[in-house]
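**Student:** If you scroll down you'll find the structure; I have some questions about it.
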Amino acid sequence: MVMAEPEETPRSQRPLAGGCAVAGDPSQPAAATPRRLTVWCKSLVFRGDGYTVFDDADGRMVFRVDNYGVGPGSMALMDHAGRVLLTVRHGPWCRMQMLSLMPETWEVYNGDVDDDSNSNDGHGEPHLMMRATKDLGRSNCTASVHAVDEPQLYRLSWSRREEFSRIYRHSSTGDETLIAEVRRKRGGPEKATLLGKDVLSLVVQPGMDLAITMAMLMISNSYR
């Protein structure tokens, strides 16, 4: 895996848990308990693909994700007001390749990155925050988040049959810590009824950045 050199973080970007920075992300209140979110795998845009994410505590919208009908290769992760926090898209080689048997490479950039011009909304070079590679037939992959000081490694694991996705953080000693998990959401009085396959429950442990977590969920849940 190719690691990017750490870049200087602009003052307008607020450092978040794990050494990452998502410019102006409003969804990061201090929390001592896990955050529980409902992920609806639907776009709010006609003919678009994406997600809509709600906070279980108060029902407010936290994120929405759209590709605006241009295909699954590029998605914008936005806050509730529609401001783009992260751009999640296929890597350059993955966008050019024709064979679906080749590994999938995903890249995550801070802010709104134009897929054609590679510009960051007209504000200079895009800031690469994460890179992940998915191999065909495997149910896990490694994501490298380019932190301010040093890269942070995560392992994404999922099961289509058991319908879950999990995200683990690697430590310097080689240990892994579960920091997020998503499953089919259950409803009803006893929480025993499985809702539709497009309604998921996401639990994020304290100290983990929600936007970065959502980006990794999008990668693990992607289909070519």
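**Student:** Would you mind stating whether ARG60 is surrounded by fewer than 18 Cβ atoms within 10 Å (Cβ to Cβ), modelled with pLDDT of 55 or more, on the phi < 0 side of the Ramachandran plot and among the charged types (D, E, K, R)? Working first, answer last.
**Tutor:** Values: surrounded by fewer than 18 Cβ atoms within 10 Å (Cβ to Cβ): yes; modelled with pLDDT of 55 or more: yes; on the phi < 0 side of the Ramachandran plot: yes; among the charged types (D, E, K, R): yes.
Criteria met by ARG60.
**Student:** Could you say whether any residue in region 93-100 is modelled with pLDDT of 70 or more and among the basic types (Lys, Arg)?
**Tutor:** Step one: of region 93-100, the residues modelled with pLDDT of 70 or more are none.
Scanning region 93-100, I find no residue that is modelled with pLDDT of 70 or more and among the basic types (Lys, Arg), so the answer is no.
This table checks each residue for (1) open to solvent by 50 Å² or more (accessible area, probe 1.4 Å); (2) modelled with pLDDT under 90; (3) part of a loop (DSSP other than H, G, I, E, B).
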position: VAL2; (1), (2), (3): yes, yes, yes
position: THR9; (1), (2), (3): no, yes, yes
position: GLN13; (1), (2), (3): no, yes, yes
position: GLY24; (1), (2), (3): no, yes, yes
position: SER27; (1), (2), (3): no, yes, yes
position: ARG36; (1), (2), (3): yes, no, no
position: GLY48; (1), (2), (3): no, yes, yes
position: PHE54; (1), (2), (3): yes, no, no
position: TYR68; (1), (2), (3): yes, yes, yes
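**Student:** Given ARG161, ARG169, which one is open to solvent by 50 Å² or more (accessible area, probe 1.4 Å), farther than 14 Å from VAL39 by Cβ and modelled with pLDDT under 80?
**Tutor:** Details: ARG169 fails: modelled with pLDDT under 80.
Selected residue: ARG161, the only one of ARG161, ARG169 that is open to solvent by 50 Å² or more (accessible area, probe 1.4 Å), farther than 14 Å from VAL39 by Cβ and modelled with pLDDT under 80.
**Student:** In region 188-224, what residues are without any contact (Cβ under 8 Å) to a residue 12 or more places away in the chain and either open to solvent by 50 Å² or more (accessible area, probe 1.4 Å) or in a strand (DSSP E or B) (or both)? Before you say what the answer is, go through the steps one by one.
**Tutor:** To start, the set of residues in region 188-224 that are without any contact (Cβ under 8 Å) to a residue 12 or more places away in the chain comprises 188-196.
Passing the criteria: PRO189, GLU190, LYS191, ALA192, THR193, LEU194, LEU195.
The values are calculated or read from the model by the stated rules, or taken from the named source; none is laboratory data. Predicted, not measured: the structure shown is a model, and the values here were computed from it. Glycine also receives a Cβ, built like all others from the backbone with ideal geometry; neighbour counts cover every protein chain displayed. In case anyone asks, the SASA skips ligands and DNA or RNA and just uses the protein heavy atoms, side chains included. Shrake-Rupley method; radii C 1.70, N 1.55, O 1.52, S 1.80 Å.
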